[in-house]
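Engineer: After the structure tokens below, expect a handful of questions from me.
The values are calculated or read from the model by the stated rules, or taken from the named source; none is laboratory data. If you're wondering where the values come from, they're calculated on a predicted model, not measured in any experiment. All Cβ positions, glycine included, derive from the backbone under ideal geometry; neighbour counts span all protein chains shown. Note: areas computed on protein heavy atoms with side chains; ligands, DNA, RNA excluded. Shrake-Rupley method; radii C 1.70, N 1.55, O 1.52, S 1.80 Å.
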Amino acid sequence: MTRTRAVRMRVYFMLAWTVLLASCGGAAPNLHVLEKPKNVDMIVKMNHGDFWKTVKMGAEVAAKEYNVNLTFKAPQNESDIDEQIRLVDESIKNNADAIILSASDYMRLAQVTDRAAYYKIPVISMDSEVASARITTFVGTNNYEAGQKAAERLIKLTGPESRIGVMNFVRGAKNADEREEGFMDYVARFPGVEVVDIEYCESDEQIARQLTRKMMKEHPDISGIVALNEVASIGTAEEIQELGFGGKVKIITFDSPAKVMELLQEGIVQGTVIQNPFNNGYLAVQYAVQVMEGIEVKEREDTKSRLIDLDNMLRPDNQKLLFPFVK
């Protein structure tokens with residue numbers, strides 16, 4: 001890391017810590033701390049990655065605040081749908097008081113979600129939706145809108161006459177489908193822009209790298225690529241850098257792991273669409289408490305997304321999103 005970049009990062013972290021301290025708030029209005037602890041299981045897509053670590057952090061803060069026993073569970077890999085179904089079944093058998101679920105597959109998690117509701121266990125959907133009418137509420141990003149933001153910036157970078165590629169993550173995941181749909185609908189406004197390839201990396205960095213290499217070999221005139229989640233972003237951007245196309249092939253990513261932020265500063269990545277995983281985790285637990293207490297909750301909570309680049313990343317509100325777990 002160069003001296004200039006090291007100084008920048010120290011500034012970023014100091015700003016982030018200041019913002020985080022200033023932003024700490026109390027409990028939701030009219031919601032009291034539970035007198036008797038309740039058991040809430042949070043089941044997400046995989047058990048590693050900065051995004052899920054931040055979701056867990058937000059959930060743990062809310063759990064401590066509201067007197068909740070939180071159990072965080074996930075498969076090793078996002079593509080292991082069967083294991084996620086097993087984990088939900090396990091929570092049902094263990095009589096969890098509520099389940100927070102980020103479904104890896106929109107359709108395949110529906111039956112087990114309905115089964116939880118049959119046993120009167122409320123299910124809060126977070127980050128990625130599931131095809132069940134028994135969900136009590138959804139907390140997360142408007143993924144269609146996020147996909148449109150990514151497309152808008154990529155086309156601004158590549159121009160209205162360009163060839164671009166898409167690196168998606170898990171086929172069948174609702175948020176993956178919605179991001180791709182939003183992206184493609186925006187691209188459709190520009191007859192001169194051609195999407196030459198759409199790949200699915202199964203949320204595996206090495207597969208993302210392999211597919212990026214294949215994409216560039218088959219379409220050497222690609223001028224831009226969008227990567228639609230954290231893992232796809234790291235694998236795609238690193239491979240573009242290794243192939244020597246850094247800065248030539250424009251890249252818009254999703255989320256803000258340290259590697260993506262480093263590549264943004266180096267000019268390999270031109271922008272990244274960030275979400276609010278800390279709030280996703282916190283609000284999901286808060287709504288679970290409300291549901292268990294018989295308090296009505298809204299149908300959807302949009303935790304927003306925004307596009308970050310070198311020009312706006314130092315804004316205090318963006319720093320809060322980029323570095324929510326600075327200590």
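This table checks each residue for (1) among the basic types (Lys, Arg); (2) more than 26 Å from ILE225 (Cβ to Cβ); (3) out of contact with any Gly (no Cβ under 8 Å at 6 or more places or on another chain).
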site	(1), (2), (3)
ILE240	no, no, no
GLY244	no, no, yes
GLY247	no, no, no
ASP255	no, no, yes
ALA258	no, no, yes
GLY294	no, yes, yes
LEU321	no, no, yes
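Engineer: Among (1) open to solvent by less than 60 Å² (accessible area, probe 1.4 Å); (2) hydrophobic (A, V, I, L, M, F, W, C); (3) more than 20 Å from GLU301 (Cβ to Cβ); (4) out of contact with any helix residue (DSSP H, G or I) (no Cβ under 6 Å at 6 or more places or on another chain), which single condition is LEU157 missing?
Structural biologist: Looking at each condition in turn, LEU157 falls short on (1).
Engineer: Any idea which of SER223, SER203 is farther than 29 Å from ASP127 by Cβ, modelled with pLDDT of 95 or more and among the hydroxyl-bearing types (Ser, Thr, Tyr)? Even if it seems obvious, please write down each step before you answer.
Structural biologist: On the way: SER203 fails: farther than 29 Å from ASP127 by Cβ.
Testing whether each residue is farther than 29 Å from ASP127 by Cβ, modelled with pLDDT of 95 or more and among the hydroxyl-bearing types (Ser, Thr, Tyr) leaves just SER223.
Engineer: Look through the stretch 64-102, keep the residues that are of a type in the set (Asp, Glu) and assigned to a loop (DSSP other than H, G, I, E, B), and return whichever of them is surrounded by the fewest Cβ atoms within 10 Å (Cβ to Cβ). Give the derivation first.
Structural biologist: Quick first cut of the stretch 64-102, residues of a type in the set (Asp, Glu) only: 65, 78, 80, 82-83, 89-90, 97.
Now drop any that are not assigned to a loop (DSSP other than H, G, I, E, B), which leaves 78, 80, 97.
Details: GLU78: 29, ASP80: 17, ASP97: 21.
By that ranking, first place goes to ASP80.
Engineer: Looking at ALA117, ALA59, ALA133 in this structure, which one is farther than 19 Å from ARG171 by Cβ, surrounded by fewer than 16 Cβ atoms within 10 Å (Cβ to Cβ) and of a type in the set (A, V, I, L, M)?
Structural biologist: On the way: ALA117 fails: surrounded by fewer than 16 Cβ atoms within 10 Å (Cβ to Cβ); ALA59 fails: surrounded by fewer than 16 Cβ atoms within 10 Å (Cβ to Cβ).
Just a single option satisfies the conditions, and that option is ALA133.
Engineer: Based on this model, can you work out whether VAL195 counts as closer than 12 Å to ALA150 by Cβ, at pLDDT 95 or above and part of a strand (DSSP E or B)? It would help to see each step written out before you state the result.
Structural biologist: Details: closer than 12 Å to ALA150 by Cβ: no; at pLDDT 95 or above: yes; part of a strand (DSSP E or B): yes.
No: the conditions fail for VAL195.
One line per residue, one yes/no per condition, for (1) at pLDDT below 95; (2) in contact with a Gly (Cβ under 6 Å, 6 or more places away or on another chain); (3) closer than 30 Å to VAL40 by Cα:
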{"site": "ARG86", "(1), (2), (3)": "no, no, yes"}
{"site": "MET107", "(1), (2), (3)": "no, no, yes"}
{"site": "ALA133", "(1), (2), (3)": "no, no, yes"}
{"site": "TYR144", "(1), (2), (3)": "no, yes, yes"}
{"site": "GLY147", "(1), (2), (3)": "no, yes, no"}
{"site": "MET184", "(1), (2), (3)": "no, no, no"}
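Engineer: Related question: What is the residue count in the stretch 197-212 for residues that are out of contact with any helix residue (DSSP H, G or I) (no Cβ under 6 Å at 6 or more places or on another chain) and either without any contact (Cβ under 8 Å) to a residue 60 or more places away in the chain or buried (at least 24 other Cβ atoms within 10 Å of the Cβ) (or both)? Step through it out loud before you land on a result.
Structural biologist: Taking the stretch 197-212 and keeping what is out of contact with any helix residue (DSSP H, G or I) (no Cβ under 6 Å at 6 or more places or on another chain), we get 198, 200, 202, 204, 206-207, 210-211.
Add one more test, that the residue is either without any contact (Cβ under 8 Å) to a residue 60 or more places away in the chain or buried (at least 24 other Cβ atoms within 10 Å of the Cβ) (or both), and what stays is 198, 200, 206-207, 210-211.
Qualifying residue count for the region: 6.
Engineer: Another question, if that's okay. What about VAL249, is it among the hydrophobic types (A, V, I, L, M, F, W, C) and touching a residue at least 60 places away in the same chain (Cβ under 8 Å)? Let's see the steps before the verdict.
Structural biologist: Working: among the hydrophobic types (A, V, I, L, M, F, W, C): yes; touching a residue at least 60 places away in the same chain (Cβ under 8 Å): no.
In short, no.
Engineer: Out of GLU239, GLU266, GLU296, report the one residue that is open to solvent by less than 30 Å² (accessible area, probe 1.4 Å) and not small (Gly, Ala, Ser).
Structural biologist: On the way: GLU266 fails: open to solvent by less than 30 Å² (accessible area, probe 1.4 Å); GLU296 fails: open to solvent by less than 30 Å² (accessible area, probe 1.4 Å).
None of the other options fit; the residue is GLU239.
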